[in-house]
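What follows is calculated from the coordinates using simple rules that are stated; it is not laboratory data. A quick note: this is a predicted structure, and the numbers were derived from the prediction, not measured. Because the Cβ atoms are built from the backbone with ideal geometry, glycine has one as well, and the counts that use them run over all protein chains shown.
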Amino acid sequence: MTSLDQPRDDILDIIGKNLTGNDLIDAHMRGPRERQRQIESERLPETIYDILAVAAAEIPDQLALHFFESGEKLTYKDVLHSVNRLADGLHRFGVRKGNHVGVMLNNLPSFPLTWLALGRLGAVIIPINIRYTAPEVGYVLNDGDAEFLIIEQDYVALLDDIDSIPDALTPDRIVVQGGAGEHSFDGLLASGEPGFEPRERAGPEDLMNIQYTSGTTGFPKGCMLRHRYWVGTATVAARRDGVVCKNILAHQPYFYMDPQWMTLMAFLQRGTLFIANRPSASRFMDWVRAHHIHFCIFPEVVYRQPPKPNDGDNDLRRVAIYGVRKSVHAELQKRFNVQAREAFGMTEIGSTLFVPLESTEMVGSGSCGVPVAFRECRVVDDDGKDVTQGEIGELVVKGPNILLGYYNKPEATADSFFGDWFRTGDLFRQDENGFLYIVGRKKDMIRRSSENIAAREVEAALMLMPEIDEAGVVPVPDPQRGEEVKAYVVLADGYSRDDAPPEKIIDHAKEHLAVFKVPRYLEYRTDFPRTPSLKLKKGELIAEKDDLRVGSWDAIEEEWHS
C-alpha cells in the first residue's frame, strides 16, 4: 500500500492536537486520492459571492474577518451587508458587469469588501502592488484597460507622475480610500443598500481578476482568472486534507493571490481569517498563539528566528510550506509542534500539488507532492512529450479552472501552453509512487559551457552547511563559458567569515555537486532583497552591480575582485 492509499483513521494521531470529531470533514473518505475525487464530484458554489452568502445565512454572527493590528472586526452578517452596500454604491457610481476596476489598497477591510462586491456585480478587479512606482502603476492600468480605480489616499500622488492613463479612467471614476466626499470609499459604501440585487448575475465562467504576476524580466503579465478559479482553489485548500481549520492567518498583502483564496477558505470552513498589516518574521508566532491559528502559510524565515521555549505552544493543525530546506523540515515540525507539508502552486494555476498529511514518510524528501483535485500533471520535454519516469522535464498542468490566458498578450498565452496543458516553466522529476519534485526554474538555469545548472540545486547543496543560513545563485556572463555560477550566501547566526571562509564553502560544494556546478564566484551578504511575501528577488540582486564579479571571491583565480 503506497502513501497515497493509507487509511485516514489515524489522522488524529498524526496531527497530535487532540482534535474532536467536529474538527474533521469527509470522515468517511479512506485516503488522499479518494478525497480529491470526492471534491471533484461535488457541486461547488458558482461565484466568490455565493461562498459568502451561504456562510452568512448559516452563521451570521460568527466573526469572519479580523484585522487584528487595527482592531477592526466583521461578522459574516457585517461582511454580507457591507459587500451588498458597496456593490450598490459601485453600481450607482457606474460600475457594470465586465468593467475593469483597479484596486490599490493596503491590508484594509476595504480590499476584501471591494473584491467581493465586484464579484457580486460581475466586474473585474485589477489588484495593484502598493510598492509599484508611477511607471509600473501606469503600465498595469493601461495594460489592464482599467475603467475605474479605487486607491488609498497615500498613493494618489503617484497618479500625477504617470505619463498616460487610460482614456476611460477619468478623475470622476477614481474612488479614494481615506478621502472625503462622494468619491470617497466611505461615501460609496454609505450610498448603497444592504438588500441590493444586481440586474446581471455573475457566473462561474465570468472573469473575476486580472492578476498581475511579479515577472522575472520586463513588466508583469495579467493572468485572467475566473470565478471558477477562485472557488476551486479555495475549496481544495479547505478540504484536501480532511481537517477543519477555522482560524486562518493571512500575513501577505491582499494584492497577492494568497489572502484572496484564504478569505474564501475561511468562509468555506465557517471560520475566521486573521489579517496582519504586513509580514513579520519576528512577530509571526506571537500572532499564531494570540489568535489560536489552525492554518497558515509558514515561511522558512520564521524557523530562522532564535528559538523560544514556547515555540511549540500553539494550536496549529497543519501548515503549508514552500521550498523549505529538506534538512530542516523535520526539525521545523518538532520545534513548532505542527505537521508541515510542502505544496506547489502558481498564480496561473492556483493550488496544484500537495503532500498529504498521511504521507509522513515524505517529510524531508523535498517533494511537492501529488496533484490536488481538478489538476492533472505531466513531466515533459521541450516538445511536450512525456519524459521517462525519474527524468527531469518541465511540469505541465491541465485543469478546468486554470487561467484563461494572459490579458492582452495572445503570443505569451500561446507560448505558455502545449494544447490544453499550461507550461509552468519549472523543472520537475517524478518518482515511482507518483510524487513530484521540483528541480529548478527553466529560466533560473545557468548555462555553463554545454551544461545546464539548476540554481535551486546549487543553493540546496550550499545550505547543507550549518554555517550558511540562506543562499542565492545567479549567472555571471563569461566570454569563454557563456555563463559562470555565482553564489551569494547569508551566514547563520553565530557564524562569521572566519568560520566559513570562501575556500571552505567551495570545498563543501565540491563534495556535494558535480564539478561543473560548483560556484566560481562567492559573495557574502547580511540579507537579500525580498518581495512582501519574503521571497528572494534575484532580479534586484543582479541589478545591484554592472559587474557581478566585483566584491566576489574568485575560486579559480583564488582572489577577491575589487
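Test of understanding: given the chain, find the longest segment containing no GluC sites (Glu not before Pro) that are in a DSSP loop and have at most 14 other Cβ atoms within 10 Å. For GluC sites (Glu not before Pro) (loop position, at most 14 other Cβ atoms within 10 Å), the longest site-free span of the chain is 206-390. Each label point was placed 7 Å from the Cα along the Cα-to-Cβ direction; for residue 530 and residue 559 their separation is 3.7 nm.
Were the residues from residue 184 through residue 330 laid out at 0.36 nm apart, the gain over their Cα-Cα distance would be 47.6 nm. Using bins of 10 Å that start at zero, the share of Cα-Cα pairs per bin across the stretch 69-111 amounts to 22, 47, 28, 3, in whole %. Straight-line reach from residue 385: taking Cα to Cα under 21 Å and skipping same-chain neighbours fewer than 8 places apart, the lysines in range are 398, 442, 443. Estimated from the Cβ-Cβ distance and a Förster radius of 45 angstrom, the FRET efficiency linking residue 77 and residue 452 is about 0.20. For residue 385, the shell of other residues with beta-carbons less than 14 Å away shows a net charge of -4, using +1 for Lys and Arg and -1 for Asp and Glu. Where the alpha-carbon atoms of the stretch 246-298 are placed on the principal axes, they occupy 29, 24, 16 Å, in descending order. Of the peptides 240-249, 281-290, the ranking by mean beta-carbon count within 10 Å, highest at the top, reads 240-249, 281-290. Cross-link partners of residue 409 among lysines, defined as those whose alpha carbon lies under 18 angstrom from its own and excluding same-chain residues fewer than eight positions apart: 221.
Annotation: amide H of residue 342 within the under-5 Å range of 321, 355, sequence separation 5 or more or interchain, hydrogens built in the peptide plane. The P(r) of the stretch 76-226 has a tail past 23 Å containing 31 percent of all C-alpha pairs.
Its Cα gyration tensor gives the stretch 351-456 an equivalent ellipsoid. The semi-axes, each the square root of 5 times an eigenvalue, are 23, 20, 12 Å from largest down. The order of 379, 439, 156, going from fewest to most other C-beta atoms within 10 Å of their C-beta, is 156, 439, 379.
The eigenvalues of the Cα gyration tensor, multiplied by 5 and square-rooted, give the stretch 287-328 an equivalent ellipsoid with semi-axes of 18, 14, 8 Å from largest to smallest. If I take R0 = 30 Å and measure r between the Cβ atoms of residue 388 and residue 411 in this structure, what FRET efficiency does the formula 1/(1 + (r/R0)^6) give, to the nearest 0.05? After rounding to 0.05, the efficiency reads 0.40. Binning the alpha carbon pair distances of the stretch 449-560 at 10 angstrom intervals from zero yields the distribution 14, 50, 33, 4, expressed in whole percent. Using the alpha carbons alone, the radius of gyration of the stretch 427-497 stands to its Kirkwood radius in an Rg to Rh ratio of 1.07. With the convex hull drawn over the C-alpha atoms of the chain, the volume per residue is 161 Å³. Using the Kyte-Doolittle scale, find the helices of the chain whose mean hydropathy is at least -0.5 and whose Cα atoms extend 20 Å or more along the helix's long axis, counting only whole DSSP H runs. Taking the DSSP H segments of the chain (at least 20 Å long, mean hydropathy at least -0.5), we get 76-93. Rounded to the nearest 0.05, the FRET efficiency derived from the C-beta distance between residue 197 and residue 41 at R0 = 30 Å is 0.45.
Within the same chain, lysines fewer than 8 places from residue 73 are excluded, and of the rest, those with a Cα less than 26 Å from its Cα are 246. What you get for the chain, charging only the Cβ of Lys and Arg (+1) and of Asp and Glu (-1), is a dipole of about 1160 debye around the Cα centre.
Among 425, 209, 247, which residue has its Cα positioned farthest towards the positive end of the charge dipole of the chain, with +1 placed on the Cβ of Lys and Arg, -1 on the Cβ of Asp and Glu, and the dipole taken about the Cα centre? Positive-most Cα among the choices belongs to 247.
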